[in-house]
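Here the structure is laid out as structure tokens; the discussion comes afterwards.
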There are 2 protein chains.
Amino acid sequence: MDIAAAKAALMHLDLDDNPAAVRAKSRDFFWYSPVLKDRLDHLSADFVVMPKTQDEVIEVLAACHAHDVPVTVRGSGTGNYGQAMPLAGGCVLHMQNMDKVLEISPGRVVTQPGTIIRELDRITRDQSGQELRMFPSTAGTATIGGFICGGSGGVGSVRWGMLRDYGNILRIRVATMEARPRILDFTGRDLARVSHAYGTNGVVTEIEMPLAPAYDWVHVFLTLDDFTHAAALTHALALQDGILLKLATVCEAPVAARYFQRFRGHVSDTDSVIALMVAPHSMDGFLSFLSHEPGARLIYRSDAHDWARDPGPAYEYGWNHTTLRALKVDPSITYLQVRYAGPDLLDKVGAIRARFGDELIQHLEFLRETGVMTAAGLTLVRFSTEARLDEIIRIHEDMGCMVFNPHRYTLEEGGRQTVDARQLDFKRQADPKGLLNPGKMIAWDVPDWDYSRAYDYARMRH
Amino acid sequence: MDIAAAKAALMHLDLDDNPAAVRAKSRDFFWYSPVLKDRLDHLSADFVVMPKTQDEVIEVLAACHAHDVPVTVRGSGTGNYGQAMPLAGGCVLHMQNMDKVLEISPGRVVTQPGTIIRELDRITRDQSGQELRMFPSTAGTATIGGFICGGSGGVGSVRWGMLRDYGNILRIRVATMEARPRILDFTGRDLARVSHAYGTNGVVTEIEMPLAPAYDWVHVFLTLDDFTHAAALTHALALQDGILLKLATVCEAPVAARYFQRFRGHVSDTDSVIALMVAPHSMDGFLSFLSHEPGARLIYRSDAHDWARDPGPAYEYGWNHTTLRALKVDPSITYLQVRYAGPDLLDKVGAIRARFGDELIQHLEFLRETGVMTAAGLTLVRFSTEARLDEIIRIHEDMGCMVFNPHRYTLEEGGRQTVDARQLDFKRQADPKGLLNPGKMIAWDVPDWDYSRAYDYARMRH
């Protein structure tokens, strides 16, 4: 690794090697996890480059390839799995300057990867009345490239499923990490080779995404004094095909009373809260549905409310924003990502609640998985020790609930715990020296690793 | 019933009492059913009025109320349950002149009821890039009012569910049948009082419908040499949340070879056919999905094909257009409407096929029912006798498949075989003399009727 030579070759670009700045840009939101905080907090790259064009990306990759310098790509760094943490140091490739929206047509947008998602939605809305099918709760700061490479789904998944589903990404263009980087376009089933790969096998330079109609979504909060009822109501509502939703979140009491500051005076300690985004033309249907649920209390709708301080969009109380709000109030809180599926999914949630009591607080996001409504639990956990956290996860798995472990920094451990041969095969072609985001794809380094204990990347910088 | 007096009172309107013209306008597509053809073929009203405004509707209703003249409302008469057949004669209220689109906004359109659905879609598309969520396969001739009052779902139900679902109709305005007709608006849960009521308890004068984005749908036909595989493929495709479909139809061999004339040379007697409408930006995802199905052959896509004669839209091979095409070639064909639900729905179809052999030919439409993908069977039947048809239906029911019997002309028998108290209660308020479409709501005439045998309206004109 010849850092000096690589820097010298790239000095004419927008390059930063001020240690404080580099350290700031070497961090993502890994600190949601006390385990990852412990493992990754010390890390810093050696320099940061902010390319403005695809040609500059190619230049950076060629230079780093020539000098054996690792390259970790990042957007805004809102990932929670340490996706953008430069485990082996080297170069951080920051995509913030590649933020141009290139083309909008019915059902489609072509954009550079560094575009902030909310800004992308603003532009597609202004120009065409359309918006992304799905986005993370961090849309206000996250980039579309970061979402594609490090995310799985989010706000909108209740209607559209997950990013990995056919049709939810249209095209990804990547630059390879070779002496002469190639530019390759991926569509259809080949998208799986480079999407959600943490930038381990290519640097995304252009993205084509499907669009849905943009509506003035009505942000709604409901309270119920019984979580089981609240979860069942949210599930039933999400199954209403004629009521167009973009978000269906339910948080067990006392999440709202304790962690949602603007809810003070509107909720009690015993209120579970449902957060929804409802299309304006679906409000009548939604209210009709609600009229069958006398236990539910509508406390806020964004199109007509009397709250002194506006709480902001509902999605900033859902997905990992729920966790963020809890963490801000109580730094000892961490979380899990649990998949509840099958016709008895709410019974599974009930069994987990009964098993753990106050150690966990339930937070469910409803989403479609291959046409079937399921729930993702972004369960809040009162953290004690790493060993106990592992035990909690094991108990979930033993009770039939798959966990996508957000306390690991590798693709395999944070995902389905299996090697993705498509991603690995493409890394062999696109990054023969293994310089792209090293340490994140276990299969590259230790093909026979088993998942009984946390992976520890041998070449992590100390 | 004083026909002469009513006619005299309405002579200044667009009124027709020429017997041949009246008879032509007293018919719908009841003749799809040999049973209904036998029962209803002789019917004719006494005169037809074609109102141009809501005020004229009120005038007709007041006059007919005063003179005890039955009023049967109709659109284009494309219903198959005899919805618009004037069982007791009297006045046919033909809505064709009330065809103005009144207001278009994001997610909504307000229209008069007599607008032809394809024309409504053309206008909303031209002015706003939007279209109806769902429409019948007869969209080219059917009116939106007829669809709301006599239909259940159709093209688009694979995504949006059924008309009866909350949110799939926004508002219905009706005029009542009283001395002084009232104008009432229904929204939300109250819509169930007047939607799909065959005009038995009010005359619809204005409709507000939700809109979805309009795309240049790609019409696609696939063939497979195995129906079970074809049905499973269509089901799996319909479950793909990221692939936007508007139609997912599968027809057993030899439907296409025998009844789809423009398919000649493209299909064999053993080809089952899948008909799809795919959003253009979902074609890549669709083709990726298809690449896992080597047994499926793509024979036509509307955006790139070499057929000498264009087959026209895919939806005109689905829903009851399949039946219509079969009937045109073989007048002895009739059909059923079967609901296959539950996780074993395709096993049920298989059991029915095994039980009946060549007497039935399967045709499935995939649709969402409260968030779950189900199939409607518009099964083709080689008709022998009415008794055998009833037996076939009974066997379906015994095998766990509900039948919406299209060989009956009442709301109850063609629907869920139960009285809809909401519709009956509203008829008591809105049509105290029972003059609106008499004979179609059993509960009005014979509250204790049971469904073991076909209802026979005692006052039917002979």
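The values are calculated or read from the model by the stated rules, or taken from the named source; none is laboratory data. The structure displayed is predicted, hence computed values, not measured ones. With ideal geometry, Cβ positions are generated from the backbone for all residues, glycine too; neighbour counts draw on all protein chains shown.
Quick grid of which residues meet (1) over 25 Å from B:Tyr457 (Cα atoms); (2) among the aliphatic types (A, V, I, L, M):
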site	(1), (2)
B:Pro51	yes, no
B:Gln54	yes, no
B:Leu61	no, yes
B:Val73	no, yes
B:Gly89	no, no
B:Arg122	yes, no
B:Asp126	yes, no
| Any idea how many residues of the range A:195-212 are facing chain B (nearest Cβ under 9 Å) and buried (at least 22 other Cβ atoms within 10 Å of the Cβ)? | 2
| query | Restricting attention to the range A:84-101, does a residue exist that is within 26 Å of A:Ala139 (Cβ to Cβ), modelled with pLDDT of 95 or more, outside the structural domain of A:Pro210 (by TED's automatic domain parsing) and in contact with a His (Cβ under 6 Å, 6 or more places away or on another chain)? | reply | no
| What is the one condition in (1) buried (at least 24 other Cβ atoms within 10 Å of the Cβ); (2) modelled with pLDDT under 95 that B:Tyr32 does not satisfy? | (1)
| request: Count, please, the residues in the range A:298-318 that happen to be of a type in the set (Asp, Glu), loosely packed, with under 15 Cβ neighbours inside 10 Å and either closer than 20 Å to A:Ser272 by Cβ or in contact (Cβ under 8 Å) with a residue 12 or more places away in the chain (or both). | output: 2
| Those residues of the range A:36-66 which are part of a helix (DSSP H, G or I), among the β-branched types (Val, Ile, Thr) and surrounded by fewer than 22 Cβ atoms within 10 Å (Cβ to Cβ), in sequence order | A:Ile58
| the range B:104-119, residues that are more than 14 Å from chain A (Cβ to nearest Cβ) and either surrounded by fewer than 24 Cβ atoms within 10 Å (Cβ to Cβ) or among the basic types (Lys, Arg) (or both) | B:Ile116, B:Arg118, B:Glu119
| Whichever residue in the range B:420-446 is surrounded by fewer than 17 Cβ atoms within 10 Å (Cβ to Cβ) and not in a helix (DSSP H, G or I) and, among such residues, is modelled with the lowest pLDDT | B:Val446
| message | I need the full set of residues from the range B:168-194 which are β-branched (Val, Ile, Thr), away from every other protein chain (no Cβ under 14 Å) and part of a strand (DSSP E or B), in order please. | response | B:Val174, B:Ile183
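Residue-by-condition table, conditions (1) modelled with pLDDT under 95; (2) within 30 Å of A:Ala66 (Cα to Cα):
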site: A:Thr143; (1), (2): no, yes
site: A:Phe147; (1), (2): no, yes
site: A:Val155; (1), (2): no, no
site: A:Tyr166; (1), (2): no, no
site: A:Arg173; (1), (2): no, yes
site: A:Met177; (1), (2): no, yes
site: A:Arg182; (1), (2): no, yes
site: A:Arg189; (1), (2): yes, no
site: A:Tyr198; (1), (2): no, yes
| message | Taking the criterion of being under 17 Å from A:Ala275 (Cα atoms) and among the aliphatic types (A, V, I, L, M), would at least one residue in the range A:352-365 satisfy it? | response | yes
| message | For the range A:127-152, give me the residue count where each residue is under 15 Å from the mean Cα position of the chain (by Cα) and facing another protein chain (nearest Cβ under 10 Å). | response | 2
| message | I'm checking my understanding of the structure. Among residues of the range B:346-370 that are farther than 17 Å from B:Cys251 by Cβ and touching a residue at least 60 places away in the same chain (Cβ under 8 Å), which one is surrounded by the most Cβ atoms within 10 Å (Cβ to Cβ)? | response | B:Arg368
| request: Within the range B:39-62, track down each residue that is within 18 Å of B:Arg182 (Cα to Cα) and polar (S, T, N, Q). | output: B:Thr53, B:Gln54
| said: Condition check: more than 27 Å from B:Leu327 (Cβ to Cβ) and either away from chain A (no Cβ under 14 Å) or touching a strand residue (DSSP E or B) at 6+ places or on another chain (Cβ under 6 Å) (or both). Does B:Glu252 satisfy that? | reply: no
| message | I'm trying to understand the selection: among the residues of the range B:391-405, which are within 11 Å of B:Leu336 (Cα to Cα), assigned to a helix (DSSP H, G or I) and touching a helix residue (DSSP H, G or I) at 6+ places or on another chain (Cβ under 9 Å)? | response | B:Ile392, B:His396
| said: Here are the criteria: (1) in a loop (DSSP other than H, G, I, E, B); (2) over 20 Å from the mean Cα position of the chain (by Cα); (3) among the basic types (Lys, Arg). Tell me which single one B:Arg408 does not satisfy. | reply: (2)
| remark: The one condition A:Tyr81 fails out of (1) in the same structural domain as A:Arg171 (by TED's automatic domain parsing); (2) out of contact with any Ser or Thr (no Cβ under 7 Å at 6 or more places or on another chain); (3) of a type in the set (Ser, Thr, Tyr); (4) crowded, with 24+ Cβ neighbours inside 10 Å is (1)
| note | Exactly one of B:Gly377, B:Gly414 is at pLDDT 95 or above and either crowded, with 20+ Cβ neighbours inside 10 Å or at negative phi (or both), and that one is B:Gly377
| Quick check: anything in the range B:349-372 out of contact with any Phe, Trp or Tyr (no Cβ under 6 Å at 6 or more places or on another chain) and under 18 Å from B:Leu36 (Cβ atoms)? | no
| Does the range A:225-237 include one or more residues that are farther than 24 Å from B:Gly107 by Cα, surrounded by fewer than 24 Cβ atoms within 10 Å (Cβ to Cβ), more than 8 Å from chain B (Cβ to nearest Cβ) and aliphatic (A, V, I, L, M)? | yes
| remark: Within the range B:281-297, of all residues that are within 14 Å of chain A (Cβ to nearest Cβ) and either within 30 Å of the chain's Cα centre (by Cα) or touching a residue at least 40 places away in the same chain (Cβ under 8 Å) (or both), the one nearest to B:Ala232 (Cα to Cα) is B:Glu293
